[in-house]
Amino acid sequence: MAILNILEFPDPRLRTIAKPVAVVDDQVRQLIDDMFETMYEAPGIGLAATQVNVHQRIVVMDLSEDRSEPRVFINPEFETLTEEVDQYQEGCLSVPGFYENVDRPTKLRVKALDSDGKPFELEAEGLLAVCIQHECDHLNGKLFVDYLSTLKRDRIKKKLEKLHRQNA
């Protein structure tokens, strides 16, 4: 397994729309293992392949405290099941150090493939629903900062650009 490099906002590669996975093979499973290792090391609760500069529709997440509930979503698609929205404070491994409130639907149904390529479906609410939406946004080239005002987004962008210059 390997720790992968996580792209950080405003890297333009984060805007790439991911392509569907055609075949779930050993190469895909290796990427999934590397993504879990990277996510746990960061540490985070979700990671989309786009964030590690692999533009395939793959998401990993684990919302448990003890890393005991790893979830894999390959080619995820979701539909919202309610008009109700809730506000969650979101953070992102690609926008390190920033947390902002985002409104998202509270309940959804997701369809995806697991790491064996088998289709599954589940209903999600609460943090799981938020996480699925957040990570699927990544696969579509969207970041949580896109839900913020232009002023907030620009402020975050400037701070991260300054940090990147200092670390270069």
Exercise for the section: Look through the range 86-106, keep the residues that are open to solvent by less than 30 Å² (accessible area, probe 1.4 Å) and hydrophobic (A, V, I, L, M, F, W, C), and return whichever of them is farthest from Gly126 (Cα to Cα). Expected result: Val95
Exercise for the section: Examine the range 26-35 for a residue that is under 17 Å from Gln133 (Cα atoms), touching a strand residue (DSSP E or B) at 6+ places or on another chain (Cβ under 8 Å) and open to solvent by 20 Å² or more (accessible area, probe 1.4 Å), and state whether such a residue exists. Expected result: no
Practice task
For Gln51, indicate whether it is part of a helix (DSSP H, G or I), out of contact with any strand residue (DSSP E or B) (no Cβ under 6 Å at 6 or more places or on another chain) and closer than 30 Å to Glu161 by Cβ.
Solution key: yes
Completion exercise
Residues of the range 36-48 being open to solvent by 40 Å² or more (accessible area, probe 1.4 Å) and part of a loop (DSSP other than H, G, I, E, B), in sequence order, are Ala42, Pro43, Ile45
Practice task
Please work out which residue is most open to solvent (accessible area, probe 1.4 Å), limiting yourself to the range 60-70 and to residues that are of a type in the set (Asp, Glu) and over 20 Å from Glu123 (Cβ atoms).
Solution key: Glu65
Practice task
Identify, from the list Glu135, Glu123, the residue that is part of a helix (DSSP H, G or I) and among the acidic types (Asp, Glu).
Solution key: Glu135
Practice task
Of the numbered conditions (1) in contact with an Asp or Glu (Cβ under 6 Å, 6 or more places away or on another chain); (2) assigned to a helix (DSSP H, G or I), Gln166 fails exactly one; give the number of that condition.
Solution key: (1)
Completion exercise
Log entry, pairs with first residue in the range 146-162 being assigned to a helix (DSSP H, G or I), second being open to solvent by 50 Å² or more (accessible area, probe 1.4 Å) and not aliphatic (A, V, I, L, M), beta carbons closer than 7 Å, six or more apart or on different chains, reads Leu160/Glu8
Exercise for the section: For Phe73, state whether it is outside any loop (DSSP other than H, G, I, E, B) and either among the small types (Gly, Ala, Ser) or open to solvent by less than 70 Å² (accessible area, probe 1.4 Å) (or both). Expected result: yes
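The values are calculated or read from the model by the stated rules, or taken from the named source; none is laboratory data. Everything numeric here is computed off the predicted structure, so don't read it as measured data. Backbone-built Cβ (ideal geometry, glycine too); neighbour counts: all protein chains shown. Quick note on the areas: whole protein, heavy atoms, side chains included, nothing else; ligands and nucleic acids left out. Shrake-Rupley method; radii C 1.70, N 1.55, O 1.52, S 1.80 Å.
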